[in-house]
Each structure stands twice: as C-alpha cells, then as structure tokens.
1. Somewhere in the range 289-311, is a residue at pLDDT below 90 and loosely packed, with under 14 Cβ neighbours inside 10 Å?
2. Answer yes if at least one residue in the range 257-279 is in a loop (DSSP other than H, G, I, E, B), more than 16 Å from the ligand (Cβ to nearest atom) and within 38 Å of the chain's Cα centre (by Cα), and no otherwise.
3. Being part of a helix (DSSP H, G or I) and without any contact (Cβ under 8 Å) to a residue 24 or more places away in the chain is the filter; apply it to the range 245-256 and report the residue that is nearest to the ligand (Cβ to nearest atom).
4. All but one of (1) closer than 28 Å to residue 293 by Cβ; (2) touching a helix residue (DSSP H, G or I) at 6+ places or on another chain (Cβ under 7 Å) hold for residue 180, so report the exception by its number.
5. Being modelled with pLDDT under 75 and in a helix (DSSP H, G or I) narrows it down to one of 76, 83, so name that one.
6. Quick test for you: out of 207, 234, 215, pick the one residue that is touching a residue at least 12 places away in the same chain (Cβ under 8 Å), within 19 Å of residue 271 (Cβ to Cβ), surrounded by fewer than 19 Cβ atoms within 10 Å (Cβ to Cβ) and touching a helix residue (DSSP H, G or I) at 6+ places or on another chain (Cβ under 6 Å).
7. Does residue 222 fit the bill of being at pLDDT 85 or above and over 33 Å from the mean Cα position of the chain (by Cα)?
8. Tell me which residues, restricted to the range 202-221, are outside any helix (DSSP H, G or I) and either within 16 Å of the ligand (Cβ to nearest atom) or at negative phi (or both).
Ligand SMILES: [Zn+2]
C-alpha cells in the first residue's frame, strides 16, 4: 500500500504528511501493528475520530459520543444569550444555525431520540426564555404549550356549565366561551365605524385611538411633563386639545367642511363628541354613501393627525399649509 502511495507521490508531487496522519488498527496482533507503524511512520489514533465534525467509529455510537454535539450547541446558545436578542432574532438564529447543524448531522448519521429531544429542548428554552440552556434543562423538558394549558385550570369550573350546555345542544360557540371568560362589556356606539370601513389600516388605528382619547395631543404631553408649549400646532391660537384639533380648530374645521362638501354631504362640522355621534348615526345605514362617509371621516382624521405631526417635526413648511 505504501509503495502505491509512493508511486502516486512521485507522479504528481503530493506527499503524505505523517504528522497529519493516524493509524487505526482492528483485529491484528501487536507485532503486525508495530510493523505497520514503522513502515508508515504514522501515529496510532483512537476511535472515535471526528471527520468534518461527524464522529466516526467502528462500533455503535453511545450517548457519550453524542454529548460533545449537545455541549457544542449549548456553547453557541450561551454565546447568543450574552447579546440582547428579540424574539424574532432568536427564531432566526434557531432556524438558520441550530437547525442547520442538526440537519447536517442527520445527513451523515442517525441521531438517537435522546439527542434529538435534547437539541429540541435547548432550542425551545432559548426561544421562549432567551436563557442559557443547562440551567433550565429540567423545567424546559415540559412542553411550553402544555404548561400554559395547565395554567388555565382555574377557568374550568367557570366553563363547565356552559360546556355541558353546548355539548347537549351539539353546537359550539366561541363567542359564548369568550363572554363567559371575559364577561360582557359595555358596547360603544362608534364600533359601527370600524366595521366594513374601507379606509387604510393605519387610518383605522388613528381613529380607534382618537375614539379612546389616546392620541398624544399637546395637552396630554404637557400633563405628563414632556413638553411646555401646548399651543395648537396648526393655528397657534388655542391649546392643542383633542376636541380643538377635531374639528374646532379653524384649519381642521375648514378641511373637514371641504371634504363633506366634496362628497356632497350637507352638514356643518360640530364639536368632536357631536361629530362622532353624527357620523356614527349616519353610517349605520347600509349602502355606498355610508361607506363613503366612513372612509372620508377616517382618512380625514388620519390626514389631520399626519399634518399636525409634520408641522411639529418640521417636515412640512408652515407657509404651505
Ligand atoms: Zn388650532
């Protein structure tokens, strides 16, 4: 065999480096082993040996052979936990790195169920807690979903009566379950504005916040102590409160009046609460006119809020308003 290797070396100049080669023997006596070692000048190696990160052995791999793989994974996770990663970042790391390593190993050798469970456990703990792995290994062996289901046991007596009723009627209602758990709440009239509204989602969100009185107008910011100046960003004539901005301010009043005129709706804008009541009452009817008014109202509210923000953050010249 060495003669063949020597012929190969002479022909193309590639020489075997004995320092980088190991001799692995099986089922031969010591004399023959020594003879081969002297002939080749190779050191004797011990199995299992790693080749491209995969353990190679002449016997069946035991759990001890797989432990370095798990430890390697834990070391990577520990390194990741030292950084502040978001949930999305952890998902991305698990998908692109952790699963890629497991898939690579699975292409070369079958991984025992124990190892797969450990790798799954490591990834799951890292995903949900962002912590190092071995510390939480014991608790994370429980399924996260199962644990959360078990936490809801307190609601079972509350639901039992309703559940029996639904089983007897052979009809399940998610609405009834929700109401049973959360309880019935007061319904607001303006909920009809949110239904079948063709406005953009961003405009719907602003209207929803406005209806809840949660828009960060200057009077609220002053109350929280964030700013000192609470003059209206558009007219600079009154305090910037929510009722002033929608639609007592002479500028926003004009904008909304023009839009109402444009969609041929004969109505004079009033104070915010009255205006909301009027729009809600008018748009409860079906038909394209109601949908058009909903759309116009929602987008106008969004447009005014966007204009006000542009004025504050100097992205729009005040003379262009
Ligand atoms: Zn104003």
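The values are calculated or read from the model by the stated rules, or taken from the named source; none is laboratory data. Predicted model only: the values in this text are computed from it and were never measured. Here the Cβ is made from the backbone with ideal geometry for all residues, glycine too, and neighbour counts use every protein chain on show.
1. Within the range 289-311, not a single residue is at pLDDT below 90 and loosely packed, with under 14 Cβ neighbours inside 10 Å.
2. Checked against the condition, which is being in a loop (DSSP other than H, G, I, E, B), more than 16 Å from the ligand (Cβ to nearest atom) and within 38 Å of the chain's Cα centre (by Cα), the range 257-279 yields no hits at all.
3. Ranking the candidates gives 250 first.
4. (1)
5. It is 76.
6. 215
7. yes
8. Passing the criteria: 212, 214, 215, 216, 217.
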